[in-house]
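Data block below; observations after.
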Amino acid sequence: IIKQLVDRMECIQEIIAYKKQNGIPILQPEQEKKQEDNLKQKLGDNVFEEEILNIFKYIVKNSRKIQAKALFNYNIFLIGFMGAGKSTIARRAAAELGFVYVDTGAIYRTLGLLACRQGVAPDDAAAVTALLPDADIRLRYGSDGLQHMYLGGEDVTESIRRPEISKYASSVSAIPAVRAFLLNMQRDLARTHDVIMDGRDIGTVVLPAADVKIFLTASAEDRARRRHAELAAKGLPDCYETVLADIIERDRKDTTRAAAPLRQAEDAIAVDTTGLSLQESFDALLETIRRKLGQ
Ligand code: DC
């Protein structure tokens, strides 16, 4: 535990140094006040040596792993259309801020892969729901710092990116029982890490108290171009028209479905990356986060 705490403190110190250097407040004023009040309540009439008190304050102030989650939130929630380059730029933004990037779509994709492998039609809600009790889906961060998905112990990080799995993921994610099943896994991640989390219902259902909510998008054509290049680079060439048609169809399905349709949350900031390069999109995202945290 002490080792974990030390690692955590080092990581927090880096984040704090980064925030100081870039003029990002460590805590927003209302969070600072909440934290002080909470600390007073916790200490009650107990008197501690100055040094112990400082350590205690430091832990309460900084360690999300212990109990600070209730005191301050640095969750950033990101929602957006498929292929808007969002995972790439969100991952970079997370690295820049010292946060962990959580791609929740990958979790739905892993369940989609399971349905596919079990020969279950992804829109058959009863059959997909029946898979849930035995579904062994895990998320771990590899030594490369990247999010890896495991299904029954097998690393399926690559397999879940196949285009047919996109369709499975889109269908299974429309099933309310699936969403309920995956909720705790996502909340646990946010409880134990400072996260940039990517997914449509994060700001409303999973982490309604997220500090910064961003709706990231780009035109369908732009996204198709990026996705096409991505697939080609992986040796999975699909013609551009097919990729575009797939994107348009998935947008339609994702925005019109009954369970958690994709739409901009009221308190989300829109960042449109149409026509922007990856670097420019990244800059736009980081700038939005900094502005919001710095308010
Ligand atoms: O972002 P993606 O393409 O990897 O997501 C795969 C599918 O999962 C997509 O159809 C949207 C869905 N999804 C969801 O319903 N809720 C989330 N939090 C994340 C993804």
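Which residue, of I79, I107, I89, is near the ligand (Cβ under 9 Å from one of its atoms), modelled with pLDDT under 90 and either of a type outside the set (K, R) or touching a Cys at 6+ places or on another chain (Cβ under 6 Å) (or both)?
Being near the ligand (Cβ under 9 Å from one of its atoms), modelled with pLDDT under 90 and either of a type outside the set (K, R) or touching a Cys at 6+ places or on another chain (Cβ under 6 Å) (or both) holds for just one of I79, I107, I89, which is I79.
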Fill in: In region 138-168, residue surrounded by the fewest Cβ atoms within 10 Å (Cβ to Cβ) [restricted to those that are part of a strand (DSSP E or B) and either at pLDDT below 95 or within 11 Å of the ligand (Cβ to nearest atom) (or both)]
R140
Worksheet item: Can you find even one residue in region 216-224 that is assigned to a helix (DSSP H, G or I) and within 13 Å of the ligand (Cβ to nearest atom)?
Response: yes
Discussion item. Condition first: within 16 Å of the ligand (Cβ to nearest atom), buried (at least 21 other Cβ atoms within 10 Å of the Cβ) and in a helix (DSSP H, G or I). Can you find one or more residues in region 231-243 that meet it?
Written reply: yes
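Answer with yes or no whether S277 is of a type outside the set (K, R) and within 21 Å of the chain's Cα centre (by Cα).
Here the answer is no, as S277 does not meet what is asked.
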Worksheet item: Of the residues D238, D254, D267, which is modelled with pLDDT under 85, of a type outside the set (V, I, T) and touching a helix residue (DSSP H, G or I) at 6+ places or on another chain (Cβ under 6 Å)?
Response: D238
Worksheet entry | Unmet criterion (only one of (1) more than 13 Å from the ligand (Cβ to nearest atom); (2) modelled with pLDDT under 95) for L131 | (2)
Worksheet, complete the sentence: Restricting attention to region 180-205, the residues that are within 13 Å of the ligand (Cβ to nearest atom) and free of Cβ contacts under 8 Å to residues at least 40 places away in the same chain number exactly 3
Worksheet item: Yes or no: P261 at pLDDT below 85 and more than 11 Å from the ligand (Cβ to nearest atom)?
Response: no
Worksheet item: Is at least one residue of region 169-179 away from the ligand (no atom under 11 Å from the Cβ), under 28 Å from G145 (Cβ atoms) and touching a residue at least 40 places away in the same chain (Cβ under 8 Å)?
Response: no
Discussion item. Of the residues A210, A270, A258, only one is loosely packed, with under 15 Cβ neighbours inside 10 Å and under 20 Å from the mean Cα position of the chain (by Cα); which?
Written reply: A270
Discussion item. Quick test of your reading of the structure: A177 fulfils all but one of (1) modelled with pLDDT under 85; (2) out of contact with any strand residue (DSSP E or B) (no Cβ under 6 Å at 6 or more places or on another chain); (3) surrounded by 13 or more Cβ atoms within 10 Å (Cβ to Cβ). Name the failing condition by number.
Written reply: (1)
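The values are calculated or read from the model by the stated rules, or taken from the named source; none is laboratory data. Predicted model, so just to flag it, every value in this text is computed and none were measured. Every residue, glycine among them, receives a Cβ derived from its backbone with ideal geometry; neighbour counts consider all protein chains shown.
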